[in-house]
Amino acid sequence: MVQKNQIEAIREKLDSHLGERVRVRANEGRRRVFEREGVLEKTYPSIFVIRFNDEESLCVSWSYVDVLTDSVELEFAAGDR
């Protein structure tokens, strides 16, 4: 079972990087991988939002559990994971 403090630690770490550029690599299943650079825009109690500055200015959200289970990998400009 996932410990609540592990998820809270992930959220706190992401809170410290709000507004920074981040590279996202997300497993979408069936050997498909979503990989882009964007800005960590907002964190909420259960999810976080990243805005990608493409032609559509797309916003995508993921849960902290996705980071915990390695479904989503985040790499910040400073090399921090």
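FYI, it's all coordinate maths here, none of it is from the lab. Note that the structure is predicted; figures quoted are calculated from it, not measured. So basically every Cβ, Gly included, is an ideal-geometry build from the backbone, and we count neighbours across all protein chains shown.
Between the listed residues Val65, Ile10, Ser46, the Cα displaced farthest toward the positive end of the dipole of the chain, a dipole computed from Cβ unit charges relative to the Cα centre, is found at Val65. Calculated [222 nm] ellipticity per residue, helices only, for the chain: -6000 deg cm²/dmol; basis is -39500 (n - 2.57) per DSSP H run with n ≥ 4, divided by all residues, nearest 500.
How would the chain be classified by its alpha-carbon gyration tensor: rounded, prolate or oblate, with rounded meaning a/c under 1.5 and the a/b versus b/c comparison settling the rest?
On the way: a/c = 1.69, a/b = 1.22, b/c = 1.39.
Taking the square roots of the gyration eigenvalues as a ≥ b ≥ c, the chain is oblate.
Just to be sure I understand: if I project the alpha-carbon convex hull of the range 38-81 onto a plane and average over all orientations, what area do I get in nm²? Don't skip to the end; give the middle numbers.
On the way: hull surface 13.3 nm².
Computing the convex hull of the Cα atoms and averaging its projections yields 3.3 nm².
Note on Arg36 and Val65: the extension gain reaches 8.5 nm, defined as 0.36 nm multiplied by sequence separation minus the Cα-Cα distance.
The HN-Hα couplings worked out from phi for the range 9-17 by the Karplus form 6.51 cos²θ - 1.76 cosθ + 1.60 (θ = phi - 60°) are 5, 5, 4, 4, 5, 5, 4, 6, 10 Hz, whole numbers, x standing for Gly and Pro.
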